[in-house]
1. Cβ-Cβ distance below 7 Å, separation of 6 or more or different chains: which pairs start in the range 133-159 with a residue that is touching a residue at least 40 places away in the same chain (Cβ under 8 Å) and end on one that is among the acidic types (Asp, Glu) and part of a helix (DSSP H, G or I)?
2. From the list 180, 188, 145, 176, which one is within 16 Å of residue 46 (Cβ to Cβ), touching a Phe, Trp or Tyr at 6+ places or on another chain (Cβ under 8 Å) and modelled with pLDDT under 85?
3. Considering each residue of the range 164-181, count those that are without any contact (Cβ under 8 Å) to a residue 60 or more places away in the chain, surrounded by 15 or more Cβ atoms within 10 Å (Cβ to Cβ) and of a type in the set (A, V, I, L, M), and give that number.
4. Does the range 61-84 contain any residue that is in contact with a Cys (Cβ under 7 Å, 6 or more places away or on another chain), under 22 Å from residue 170 (Cα atoms) and in a helix (DSSP H, G or I)?
5. Identify, from the list 104, 90, 117, 124, the residue that is surrounded by 13 or more Cβ atoms within 10 Å (Cβ to Cβ) and farther than 16 Å from residue 154 by Cα.
6. Pick from 55, 97: which is aromatic (Phe, Trp, Tyr) and not in a loop (DSSP other than H, G, I, E, B)?
7. Confirm whether residue 65 is out of contact with any Gly (no Cβ under 8 Å at 6 or more places or on another chain) and modelled with pLDDT of 85 or more.
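The values are calculated or read from the model by the stated rules, or taken from the named source; none is laboratory data. Predicted model only: the values in this text are computed from it and were never measured. Heads up, the Cβs are rebuilt from the backbone with ideal geometry, glycines too, and the neighbour counts pull from every protein chain shown.
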Amino acid sequence: MNKKEARRIAKEGIALELAEREKKYNRAKLWQLICFPAGGFSQGVFMGLMMLVSYYAAGIVGLGTVVASFVITGTRVFDSITDPLVGLVLDKTKGKYGKVRPFLLAGFVLMSISTLLMFFTAHLAPEGIKLVYFIVLYLIYIVGYTCTGVANLSGQAVLTNDPQQRPILGGFQTTYTTIYFAFFGCIYRFI
C-alpha cells in the first residue's frame, strides 16, 4: 500500500467515525456553541443588580438592614422549591417553540418587570405595605431567575450531548461570566 492509498483510507476512517458520531450524539454548530452561552449574560446582569438590592431595600426603601437581609435570605428557601418545580414543568413541555425558549423568554420578562418595579416603585409604596410589596416583587424575580437558570442549563443538554463539545460550551459560558463580573466589579466600585 502506498502513501496515497493510506491517506485515502485514513480519511475514509475519519469520515466514518464522524458519521457514527453524528448518529450517536446531538452536535451543535460552532456559532451555536459561541452564542448560546451568551444568553446567560442577561442572567448575570440581573444577578449583579440583585447584589445591590439589599443596600436599596435597607437604605432607600427603609426596610431596615436585618429585615432586608432576612427577606433576601428567606427567598432562597423559596428558590429551593421553585428550582425542581420549574425543571419538572420544563421537562414536560412540548411546544411549537421547544422546551427552552418559552422559559428563557418568560424568565427574562419576569425578571425585567419585577426588577424595574422593585427599583423604581418600592420606595414609593405606602409605609404599611412596603415590606409585602418588596417581598412579592422579589419572589417574582426569583421565579424569573429560576426559569432562565433552569432553561440555560437544560438548553445546553438539548443543544449538544457530545462529550467533545460540552467542555467547549462550558468554556464559553465561563469566559462570558468572568468577563461580565470583572467588568461589573469595576462599575460596582463607582456606584
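1. 142/79; 146/79; 146/83; 150/83
2. On the way: 188 fails: touching a Phe, Trp or Tyr at 6+ places or on another chain (Cβ under 8 Å); 145 fails: modelled with pLDDT under 85; 176 fails: modelled with pLDDT under 85.
Only one candidate passes the filter, namely 180.
3. Qualifying residue count for the region: 0.
4. no
5. Working: 104 fails: farther than 16 Å from residue 154 by Cα; 90 fails: farther than 16 Å from residue 154 by Cα; 124 fails: surrounded by 13 or more Cβ atoms within 10 Å (Cβ to Cβ).
When all the criteria are applied, what remains is 117.
6. Details: 97 fails: not in a loop (DSSP other than H, G, I, E, B).
Of 55, 97, the one residue that is aromatic (Phe, Trp, Tyr) and not in a loop (DSSP other than H, G, I, E, B) is 55.
7. Working: out of contact with any Gly (no Cβ under 8 Å at 6 or more places or on another chain): yes; modelled with pLDDT of 85 or more: no.
Considered against the rule, which asks whether it is out of contact with any Gly (no Cβ under 8 Å at 6 or more places or on another chain) and modelled with pLDDT of 85 or more, residue 65 comes out as no.
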